[in-house]
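Below is one structure; the comments refer to it alone.
Each value in this text was obtained by applying a stated rule to the coordinates, not by laboratory testing. Small disclaimer: the values here were computed from a predicted structure and weren't measured. Cβ coordinates were reconstructed from backbone atoms using ideal geometry, including for glycine residues, and neighbour counts include every protein chain displayed.
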Amino acid sequence: MRNTRGFTLVELMVVVVMMAIVGGATVRMLVNTQRISREQAERVGLQSNLRTGAFLVPSELAEVGINKAGASDLIFMGANAIQYRAMRGSGVSCLVTPTEIRIWDVPDMPYYGLRNIDTNNNRDRVLIFAEVDPADPDDDLWVDRQLTGVAPSTCAGRAAIALSFADISALTPTGIVDVTVGSPVRIYEVMRLESFTTAGQTWLGARSVSAGEVALQPVLGPLAANGFLLEYFDGSGNPTASATGVRAIRVTLRGLTQAAVSRGLGQANQIAQDSLVAMIALRNAPKP
Amino acid sequence: MRTPKLSDERGIALVMAVFAIVVIGALVAGTFYAGRLEQRTGLNSMSGAQSFEAAEAGLVDVLDNWDPTVYNAMANGDTLTLSSVSMGGNAGYVRRVTRLNDNLFQIVSAGAKTDASGNIMAQRVVGTFARLILPLVDMSAAITVNGTMTIGGSTEVSGVDRNPASWTGSCAAPTDTLAGVRSSANTINTSGTNCSGLACVEGNPRFQGSDTTVDSTIFNDFGGTSFAELAAMADLRLNGTVTGVAPSLTATLPARCDKTNTNNWGEPYGGTIYAPCFNYFPIIYVPNNLRISGGRGQGILLVQGDLELSGGMEFYGPVIVQGTVKSTGTGGHIFGGLMAAQVDLDPSTLTGNSLAQFSSCALERALRASATARPLGERAWIQVYSPN
């Protein structure tokens, strides 16, 4: 009888069918796992993209200023593009001559910069605070000059940065005496943020206008067709088209996933979209 | 009954079950990982926003609670790091104030969000350039009067700019000689021999009458700051009769100038005993009438009604009175300048010696020391990046 042991055909068929079912289920599970994981990565990437934008754009625009004389740092205001004076650093003068200002760069009075000062291709300009009448806060002004040179230097034996520019002795109304030691100095470049489309995808791009850059460098994306939307509001919260009337800018970012992701059982995969809105108060605009 | 051996067990059910558990486990772990990643990213964004708002709160805190006796007394280039402030919710800020020059300050505020153990989760640093707002008081004479003025007794009025005797080193030596009395009226009433022919007045000129620039405007507009706005900034609000004005210190050590004492109007005499009060120049506002008898003080004295000085009260700084100033008995001594609608400096006793001495040093110190700070009108706010 021992030699008659074995599997019947029926038993083998049952085993094969069961293995097919289990194997199919396993493969499906693996495929699903891979798909879900890819979708998760896509969605995380999308949200991370939007958060980057929600940090970057307000950082760029929060320092935009509008002065009392009516001049605005907002050079161009569009629904999908904005051109502005982007502040890149600030310091405090320790020596003033008609063609050079030295700013402190020491631990107790550092130069606070987003990056090093760059005079290549006329990228950076300087704003120098001038106090016309020390007793009158209403006549203060900022003198705007193209930077022609930047070099390490010293003030009273301590580290400083020397900034060169065209002669400011003919400043109005009273000349170089308006600029004193201890005057704030700000470095800026003219930037443009704009959405652009390439290879069928829309991106948020940036370029330095003052440095003569023509091509937009992608900053984040891909975005939806209207994925970078700017709206401008005055002090009362009403929409405005006046560069000097703007007190807040609302930025809407609509991002897309790079690849199509599932929308659920039985539905075709599709590019997913998410959005993020940030309201930027212009802190250097006159108070309402 | 035979005990079954493992080798007798057939099939792959166990292997398949273990495999399925591993796959499902990986799937669940992956989902948790993605969820955790998303949660951490969101938390970081929230922490960043909270630290930014905390940093902003630090700037507002300094400006809204500007202490002139501390900040206005800083030397140019000095930096003062203030104690950290906790806002609750594990957020807080640290502030640093640097005096850039006579008028300008830089305030830097670092806001941080920490976890329960105190580890910093996010930090943002912002700053602002601020400037002192000094009231522009139009005092170009020892006494500016927008109406009638009587002078007599042993009163002395001097438009010769002089520094207070004990303020050595506080101001440069003055050289100007201004008018003794500047008035919208064309005459000044005198009585007694001392002031006959304006002999008790010195200045260039002694009397500047019919001055059309003396009108109600200069009593109410101080360079964009109105009388009411100046009054709203008052450190002390007083009424009635005040006696015993004198500097005082806190009982707790180290002794500080006791600003809670309404009879403490600073220490104009200098010296070491009340040195903490030497830079205390309160704005004193009186909504009605005030009578001061004796004592000494400094600051900006604003009186909506009438002011009566007696007992040799000494005051250093600008005195602006919307009503009448009267000096009786041993009259008051004012170093700085006096503006009033009407003035009667005719002490009833021969021993009276009212004095109005123009002092640009007293005016400047009082106005500067009382000044508050406000962000620059343009481009004040800065994002503070890590020093390069």
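Just to verify a number: FRET efficiency for A:Arg250 and A:Thr99, C-beta to C-beta distance, R0 = 41 Å, to 0.05?
Values: r = 42 Å, r/R0 = 1.03.
Given R0 = 41 Å and the Cβ-Cβ separation, E is 0.45.
Compute the convex hull volume of the Cα atoms of chain B, divide it by the residue count, and report the result per residue in Å³ as a whole number.
Details: hull volume 86.5 nm³, N = 388.
Cα convex hull per residue, to the nearest whole number: 223 Å³.
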Quick check: from the Cα gyration tensor, does chain A come out rounded (a/c under 1.5), prolate or oblate? prolate
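Assuming 1.002 mPa s and 20 °C, estimate D for the range A:69-173 with Stokes-Einstein, Rh taken as the Kirkwood radius over Cα pairs, in µm²/s. Mind showing how you got there, number by number?
Values: Rh = 15.3 Å.
D = 140 µm²/s.
Report relative contact order for chain B in percent, whole number only (criteria: Cα-Cα under 8 Å, sequence separation at least 6). The partial results should precede the final answer.
Working: 967 pairs, mean separation 64.2, N = 388.
Relative contact order for chain B comes out at 17 percent.
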Gaussian network model of chain B, Cα within-10 Å springs - most flexible of B:Ala369, B:Ala275, B:Ala199: B:Ala199
Which one of B:Gly147, B:Tyr93, B:Pro68 is farthest out on the positive end of the charge dipole of the protein assembly as shown, using unit charges on Cβ (Lys, Arg +1; Asp, Glu -1) and the Cα centre as origin? B:Tyr93
Cα axis of helix B:13-64 to longest principal axis of chain B: angle in degrees, 0 to 90, nearest 10? 0 degrees
Inter-label distance for B:Thr175 and A:Lys68, nm, one decimal - labels placed 7 Å from Cα along Cα-to-Cβ: 3.1 nm
Exposure proxy ranking, count of Cβ atoms within 10 Å, fewest first, for B:Val325, A:Val132: A:Val132, B:Val325
Pick from B:Phe315, B:Phe32, B:Phe278: which residue has the top mean-square fluctuation in a GNM of chain B where Cα pairs under 10 Å get a spring? B:Phe32
Say the dipole of the protein assembly as shown comes from +1 at the beta carbon of Lys and Arg and -1 at that of Asp and Glu; which of B:Thr187, A:Met191, A:Leu229 then lies farthest toward its positive end? A:Leu229
Convert each backbone phi in the range B:203-211 into a coupling constant with the Karplus relation 6.51 cos²θ - 1.76 cosθ + 1.60 (shift: θ = phi - 60°), then list the ³J(HN,Hα) values in order as whole Hz, x for Gly and Pro. x, 9, x, 5, 9, 10, x, 6, 7
From DSSP H assignment alone, runs of 4+ in chain B each adding -39500 (n - 2.57), the sum over residues rounded to the nearest 500 puts [θ] at 222 nm at -6500 deg cm²/dmol
Quick one: helix B:360-370 against the long Cα principal axis of chain B, what's the angle to the nearest 10°, folded into 0 to 90? 30 degrees
Nearest 20 debye, what's the magnitude of the dipole of the range A:213-288 about its Cα centre given +1 on Lys and Arg Cβ and -1 on Asp and Glu Cβ? 200 debye
Helix A:9-61 sits at what angle to the longest principal axis of chain A, using alpha carbons and giving 0 to 90 degrees rounded to 10? 10 degrees
Phi-derived 3J(HN,Hα) across the range A:266-272 with the Karplus relation (6.51, -1.76, 1.60, θ = phi - 60°), rounded Hz, x for Gly and Pro, is x, 10, 5, 5, 8, 5, 8
In terms of the Cα gyration tensor, with a ≥ b ≥ c the square roots of its eigenvalues, is the range B:134-222 rounded because a/c is under 1.5, prolate because a/b exceeds b/c, or oblate? oblate
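Ranking request for peptides B:119-132, B:53-66, A:202-215, B:98-111: highest mean number of other beta-carbon atoms within 10 Å first, then the rest in descending order. Walk me through the intermediate numbers first.
Details: B:119-132: 20.4, B:53-66: 18.6, A:202-215: 16.7, B:98-111: 22.1.
Packing proxy ranking, top to bottom: B:98-111, B:119-132, B:53-66, A:202-215.
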Projected label distance in nm at B:Asp221 and A:Ala20, using a 7 Å step from Cα toward the beta-carbon: 9.9 nm
At R0 = 35 Å, FRET efficiency that the Cβ-Cβ distance of A:Phe7 and A:Ser262 yields, to 0.05: 0.25
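How large is the helix-only mean residue ellipticity at 222 nm for chain A, computed as the sum of -39500 (n - 2.57) over DSSP H runs with n ≥ 4, divided by its residue count, in deg cm²/dmol to the nearest 500?
Values: 1 runs with 53 residues, N = 288.
Per the formula, -7000 deg cm²/dmol.
If you average over every viewing direction, what projected area does the convex hull of the Cα atoms of the protein assembly as shown give, in nm²?
Working: hull surface 194.0 nm².
Projected area, direction-averaged: 48.5 nm².
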Specify which residue in the list B:Ala26, B:Ala122, B:Ile107 is farthest towards the positive end of the charge dipole of the range B:1-128, using unit charges on the beta carbon of Lys, Arg (+1) and Asp, Glu (-1), about the Cα centre. B:Ala26
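Can you pull the Rg over Rh of the range A:108-219, Cα-only, Kirkwood? Before the final figure, lay out each step's value.
Values: Rg = 17.9 Å, Rh = 16.5 Å.
Rg/Rh: 1.09.
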Arrange the peptides B:247-257, A:66-76 so that the one whose residues have, on average, the most other Cβ atoms within 10 Å appears first. A:66-76, B:247-257
Let me know the charge dipole size of chain B about its Cα centre in debye, to the nearest 20, where only the beta-carbon of Lys, Arg (+1) and Asp, Glu (-1) is charged. 1580 debye
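Classify the range B:267-351 as rounded, prolate or oblate, taking a ≥ b ≥ c as the square roots of the eigenvalues of its Cα gyration tensor: rounded when a/c is under 1.5, otherwise prolate if a/b is larger than b/c and oblate if not. Walk me through the numbers before you get to the answer.
Details: a/c = 2.36, a/b = 1.37, b/c = 1.72.
Because a/c hits 1.5 or more and a/b fails to exceed b/c, the range B:267-351 counts as oblate.
Treating only the Cβ of Lys, Arg, Asp and Glu as charged (+1, +1, -1, -1), what charge dipole size does the range B:203-313 show about its Cα centre? Round to the nearest 20 debye. Could the numbers behind the result be given before it?
On the way: 6 positive and 9 negative charges, 78 e Å.
So the dipole magnitude of the range B:203-313 works out to roughly 380 debye.
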With the contact rule set at Cα under 8 Å and sequence spacing of 6 or more, what percent relative contact order holds for the range A:58-114? 24 percent
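On a full-extension model of 0.36 nm per residue, what is the gain between B:Asn44 and B:Val60, subtracting their alpha-carbon distance, rounded to one decimal in nm?
Roughly 3.3 nm would be gained on extension.
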With the 8 Å Cα cutoff and a minimum separation of six or more residues, chain A has a relative contact order in percent of 20 percent
How much length is gained if the chain between A:Ala170 and A:Leu30 is pulled fully straight, taking 0.36 nm per residue apart and subtracting their Cα-Cα distance, in nm to one decimal? 42.8 nm
Kindly state, to the nearest 0.05, the FRET efficiency for A:Asp274 paired with B:Ala20, given R0 = 30 Å and r defined as their beta-carbon distance. 0.35
